[in-house]
Amino acid sequence: METRYLPNSIIGQPDGFVLVGAGLCGGHSYAWINSTVQNWLKAFGMELTEAEVWHHLGQQMKFVSNDGLVCKPYFSGTRCTPERRGTFEGISDFNFSPAQIAHSILQGIATSMYDVFESAACLLYTSPSPRD
């Protein structure tokens, strides 16, 4: 969590501060699956546009789960540990299709966002009140 200045022009109140948990594993991490699929296809002499890849992934994701595949989508690191990288765990013979990878990335992004929320809640409920 970072504390950032919040000018009054945004909220119509006196100037203040806001806690921000801006992660690095959101849209960029999800876009990774599209570019990776495109690169895999190119390696085999095939090409799909970005829109076509999204269409096919969306259609396939309707019918799959991640089936135990877990992604920690820190492909670009985190703000606190920029050297951290993404991982996939729980890979089996049957759960590493592009749609299952995309599904696990989305779950990983959601988990990361929840972890930030949970850490903020811990800060708020364990910190002394400004009135104390």
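The values are calculated or read from the model by the stated rules, or taken from the named source; none is laboratory data. From a predicted model like this one, the values you see are computed outputs, not experimental measurements. When we count neighbours, we look across all protein chains shown, and the Cβ atoms used for this are built from the backbone with ideal geometry, even at glycine. The accessibility values were calculated without ligands, DNA or RNA, using every heavy atom of the protein model including side chains. Shrake-Rupley method; radii C 1.70, N 1.55, O 1.52, S 1.80 Å.
Data for the structure
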quantity: Pair list, Cβ under 8 Å, 6 or more apart: the range 77-100 residue aliphatic (A, V, I, L, M), other residue part of a loop (DSSP other than H, G, I, E, B) and open to solvent by less than 80 Å² (accessible area, probe 1.4 Å); calculated: ILE91/LEU69; ALA99/VAL64
quantity: Every pair of residues 6+ apart whose Cβ atoms lie under 9 Å, when the first sits in the range 60-76 and is farther than 17 Å from VAL37 by Cα while the second is of a type in the set (Val, Ile, Thr) and open to solvent by 30 Å² or more (accessible area, probe 1.4 Å); calculated: GLY68/ILE91; LEU69/ILE91; VAL70/THR87; VAL70/THR111; LYS72/THR87; LYS72/THR111; TYR74/THR81; TYR74/THR87
quantity: Count of residues meeting criterion [in a loop (DSSP other than H, G, I, E, B) and in contact with a Leu (Cβ under 6 Å, 6 or more places away or on another chain)] in the range 88-120; calculated: 2
